[in-house]
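Just so it is clear, none of the values below were taken in a lab; they were calculated from the coordinates. Predicted, not measured: the structure shown is a model, and the values here were computed from it. For neighbour counting, all protein chains shown are included, and Cβ atoms are generated from backbone atoms with ideal geometry for every residue, glycine included.
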Amino acid sequence: MTAQTISAEQVKAAIEAAVPGCRVEILQNGSPSAQHSLVLDHKHATEIARFLRDDVELRLDYCSNVTGVDWLDTEVSEKVKTKKLVDGVETEVEEVKKTTVPGRLEAVYHLFSMEKKHGPVIVLLRTGNRTDDVRVPSLTPVWRSAEFQEREVFDLYGIVFEGHPDLRRILMWDEFADHPMRKDYVPPADDDEPLHAATGERER
Amino acid sequence: MSVEIAEDRMAELTGDPDSGQLLEISMGPHHPSTHGVFRMNVTLEGERVVRLKPVFGYLHRNHEKIAENASYLAAIPYTDRLDYLCSMTNNWGYALAVEKLVGIAVPERAEYIRVIVAELTRLQNHASLIGFLLQDMGASGTPLMYAFREREKILDLFESLTGSRMMCNYMRFGGVRVDTTPEWLEEVQALVSRFPQFLDEFEKLLTENEILMSRTQGVGILPRELAINAGVTGPMLRASGVNYDIRKVDGYGIYDRFTFRVPLGEHGDVYDRYMMRALEMHESLKILEQALREITAGPVIDPKTRLRGLRPKAGEAYGRIESPKGELGFYLISNGTTEPYRYRVRPPSLINLTVLEDMCLGRSVADIVVILGSIDIVLGEVDR
């Protein structure tokens, strides 16, 4: 006996029928695990979560895993052909155009059903960017199991969960300023570390 | 006392800070009952708990970041150090997630060996937990030493198989590291045949013990709905009467081939949690008997399996197993390089602690110790 899986399309259709006006997007997963995720919009996230938990068909009463993912800004370069005047003659010139895709933080939730014994259904919430727009709605009011895990994501990734009852650092100390699980995190220099004999700099 | 009543009471009492009625104490981080470096900020009114906030992070080493900077293979020995009592099941959870991510098949013999070592791990974990729980209640020594005597025999078996008692580093994605010898399997069989004797002795000593019953029955009750909503898993969830065992639900590995029952509690108190461990040991022995009887010959890992320099194509996978403490999950995201882009451990010990305050409200300090002992935490996994 193995757990039944429910397809992401199925869940998406059910959500769209139950919560009018919501935006749900399926994120395909290229690995053989074929666990696709659903990206939720912030405005309806809590409502959708309540629906997923209480719907008699889905009954995703158990939120197993909550975690964060950091996607850095990426630079995409593509070759663009443009027409230019070279020595008075119009010729086609290839130019490399660089565009920066802004990074984001994601909060990922793995949902299962203890009653129906199916899952996982993966939902995720995205922040606008990695710096000043890092707020997403908290799902702790729907699933208590997210309480410590959302605190951990806040601590290590810096996602601010709005509506969390007790959003404090959990693993790092309160005075700590940075978010260590971010991809561009640089650990502070260790004062006890010896300086390099020739350059006088810290060895790193 | 429910959470709401306790909060009202807090507001009532803190209205006058000089009333001298509230006492704040810090239990831990170095306290023999906290099973490691774990601290609780407890607010007391007289002898009763009106607030309890756990404080984590004393053993935090950012395991996830370390694994994100290592190859897929190099993360396996780090998983040993999560729940350092159960390195075998930690290895399995991680191997399962990588197998899902890449799509690797596991040879049949390796599946049997995995079940055997995982159930041995469960035996020694549950026996030690009962020993620690009794130690916390003040039964100095005897039950713990009985449990450790048996645990030592299992650790000896692990040592002869893997070279290490606790940090086994035994499983690989696609199988296990080395094959067992026929003599090793005979020794396991001998241990499995003798173990019921120990269990009978242990239960005779404890199950109907008046002191144990009066200290645990009706203490730390966890209602079924709260247990589900708070993501509590493992024996603690089943003590609250929820039939959810991932060995049955997912049937990962070859667990669907074995006949065993899932013990369920009625009251969700500390006594039920103790009973769950005792009964689950009997079921583990049943699984071991069947696995030892049915184990087949063959390779334990496909020699063509790529271990070093594994480069899964971009994608993600979540793999989970029923570890002795609950649902141990690993969430991996690959971006096509040799290192995981995201490596996440879903620690059962940490998430089971979510309900610690709810279970302790209105109880005395002595009960906190017993309730915490019945959750079964290992700080290597809580703080990662």
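Normalised by the number of residues in chain A, the mean separation of alpha-carbon contacts (under 8 Å, six or more apart) gives a relative contact order of 18 percent.
Quick check on the protein assembly as shown: of the DSSP beta bridges with both residues there, what percent are antiparallel, nearest 5%?
90
Take every Cα pair under 8 Å whose residues are at least 6 apart in sequence, average their separation, divide by the length of segment B:226-364, and the relative contact order is 24 percent. Tally Lys/Arg at +1 and Asp/Glu at -1 over every other residue whose Cβ is under 14 Å from the Cβ of B:Tyr112; what's the total? Here the charged neighbours net out to -3.
Would you kindly calculate the mean projected area, averaged across all directions, of the convex hull enclosing the Cα atoms of segment B:109-193, in square nanometres?
Working: hull surface 23.4 nm².
Averaged projected area of segment B:109-193's Cα convex hull equals 5.8 nm².
Helical runs (DSSP H, four residues minimum) scored at -39500 (n - 2.57) apiece and divided by the length of chain A put the mean residue ellipticity at 222 nm at -5000 deg cm²/dmol.
Our coupling estimate for segment B:262-270, obtained by passing each phi through the Karplus curve with A = 6.51, B = -1.76, C = 1.60 and θ = phi - 60°, is 10, x, 10, x, 10, 9, x, 9, 5 Hz, Gly and Pro reported as x. Residues considered: A:Val80, A:Val69, A:Val153. Largest GNM mean-square fluctuation over chain A, using C-alpha springs under 10 Å, is found at A:Val80. Helix content alone sets the calculated 222 nm mean residue ellipticity of chain B: runs of n ≥ 4 DSSP H residues at -39500 (n - 2.57) each, divided across all residues, give -15000 deg cm²/dmol.
With a sphere of radius 10 Å drawn around the Cβ of B:Leu101, what net charge do the other residues whose Cβ falls strictly inside it have (Lys, Arg +1; Asp, Glu -1)? It would help to have the intermediate numbers written out before the result.
On the way: positive: B:Lys100, B:Lys313; negative: B:Glu99, B:Glu316.
Within the 10 Å Cβ shell, the charges total 0.
Strictly over 23 Å apart at the Cα level, which of B:Lys65/B:Lys248; B:Lys100/B:Lys313; A:Lys43/A:Lys98; B:Lys100/B:Lys248; A:Lys117/B:Lys53; A:Lys43/B:Lys65 would you flag in this model? From the list (B:Lys65/B:Lys248; B:Lys100/B:Lys313; A:Lys43/A:Lys98; B:Lys100/B:Lys248; A:Lys117/B:Lys53; A:Lys43/B:Lys65), the Cα-Cα distance tops 23 Å for B:Lys65/B:Lys248; A:Lys43/A:Lys98; A:Lys117/B:Lys53; A:Lys43/B:Lys65.
Shape analysis of segment B:178-283 yields a ratio of the Cα radius of gyration to the Kirkwood radius, Rg/Rh, of 1.06.
State the antiparallel share, in %, of DSSP beta bridges confined to segment A:52-204, rounding to the nearest 5.
Once the DSSP bridges in segment A:52-204 are tallied, antiparallel ones form about 90 percent.
The alpha carbon gyration tensor of segment B:266-384 gives principal lengths a ≥ b ≥ c with a/c of 1.5 or higher and a/b no greater than b/c, which makes the shape oblate.
For A:Val86, what is the net charge nearby, where nearby means another residue's Cβ is under 13 Å from its Cβ and Lys, Arg count +1, Asp, Glu -1?
Once all neighbours under 13 Å are counted, the net charge is -3.
Plainly put, chain B has a radius of gyration that is 0.99 times its Kirkwood radius, both from alpha-carbon atoms, as the Rg/Rh ratio. Between the helical axis of B:365-375 and the longest alpha-carbon principal axis of chain B there is an angle of about 20 degrees. Contact order for chain B, expressed relative to its length and based on alpha carbon pairs under 8 Å spaced 6+ residues apart, stands at 26 percent. The distance separating the Cα centre of segment A:122-185 from that of segment B:330-384 comes to 17 Å. Computed from phi, the 3J(HN,Hα) profile of segment B:285-292 under the Karplus parametrisation 6.51, -1.76, 1.60 (θ = phi - 60°) reads 5, 4, 4, 4, 3, 5, 5, 5 Hz, with x in place of Gly and Pro.
Using θ = phi - 60° in the Karplus curve 6.51 cos²θ - 1.76 cosθ + 1.60, the 3J(HN,Hα) couplings for segment B:237-247 round to 5, 5, 5, 8, x, 9, 7, 8, 10, 5, 4 Hz; x is entered for Gly and Pro. For the peptides B:159-166, B:298-305, the ranking by mean Cβ contacts within 10 Å, running from highest to lowest, is B:159-166, B:298-305. Per the Debye calculation on segment A:72-204 with a single equal scatterer at every Cα and no solvent contribution, log₁₀ I(q)/I(0) for q = 0.14, 0.16, 0.20 Å⁻¹ amounts to -0.82, -0.93, -1.17. Principal-axis analysis of the Cα atoms of chain B puts helix B:108-137 at an angle of about 20° to the longest axis. For the protein assembly as shown, the Cα-based Rg and Dmax, in that order, read 25.7, 103 Å.
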